[in-house]
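For reference, the structure discussed in these notes is given below.
Derivation of every value follows stated rules applied to the coordinates shown; laboratory data play no part. The structure displayed is predicted, hence computed values, not measured ones. All Cβ positions, glycine included, derive from the backbone under ideal geometry; neighbour counts span all protein chains shown.
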Amino acid sequence: MVQIQAAELFEQSVKPSEVARRLQVSPKSAYQWHQLWREGGIQAMASRGPIGSRCRLSPHCLEKLAMFLEQGPAAHGWVEDQVWTGARVATLIGRKFHVSYSVSGARRLMHRVGFSPQVPARRVAEPDEQAVTARKESQ
């Protein structure tokens, strides 16, 4: 949509730097769009779909991943706490599907199947009641 707005501005002879300012995009993007527009018009600026690599897990494998995540970390060897982290999910994906994912990629997959990474809860140390009483009395 923004690229189409840029094309309309280029048709009105608006300079790329001004297009960048008006549309709140980087000047680099505006100059690249201007080049595309000059070479092929508005059709050349049409979106080519989402960028990035495609998912390396099939829809079936994503369903299995969701099932594994539902089982909890303890079912897969992490017994110290019941928290899924990006690193644990990346390890789980490697073990179960023989596919390597980065921690950030594993977090994105977690979101895709309806989970979110969790931060382990830190227990608050219980205060020493005698120390608290002694400190209050000394004040």
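By other beta-carbon atoms within 10 Å, ranking Met67, Met45 with the fewest at the front produces Met67, Met45. In plain terms, the chain from Lys15 to Val79 could stretch by 17.0 nm, reckoned as 0.36 nm per residue minus the Cα-Cα distance. Have a look at Leu65, Gly105, Val79 and report the one farthest towards the positive end of the charge dipole of the range 59-112, computed about the Cα centre with Cβ charges (Lys/Arg +1, Asp/Glu -1). So the residue we want is Gly105. Each Lys and Arg adds +1 at its Cβ and each Asp and Glu adds -1 at its Cβ; summed about the Cα centre, the range 2-44 shows a dipole of about 180 debye. At an R0 of 41 angstrom, the distance between the Cβ atoms of Glu63 and Ala134 translates into a FRET efficiency of 0.10. The fraction of Cα-Cα pairs per 5 angstrom bin, counted from 0 for the range 1-88, comes to 3, 12, 17, 12, 7, 5, 5, 8, 10, 10, 7, 3, 1 percent, rounded to whole percents. If you plug the beta carbon distance of Ser29 and Ser102 into 1/(1 + (r/R0)^6) with R0 = 30 Å, you get a FRET efficiency near 0.70. When Val99, Val89 are sorted by how many other C-beta atoms sit within 10 angstrom of their C-beta, beginning with the fewest, the order is Val99, Val89.
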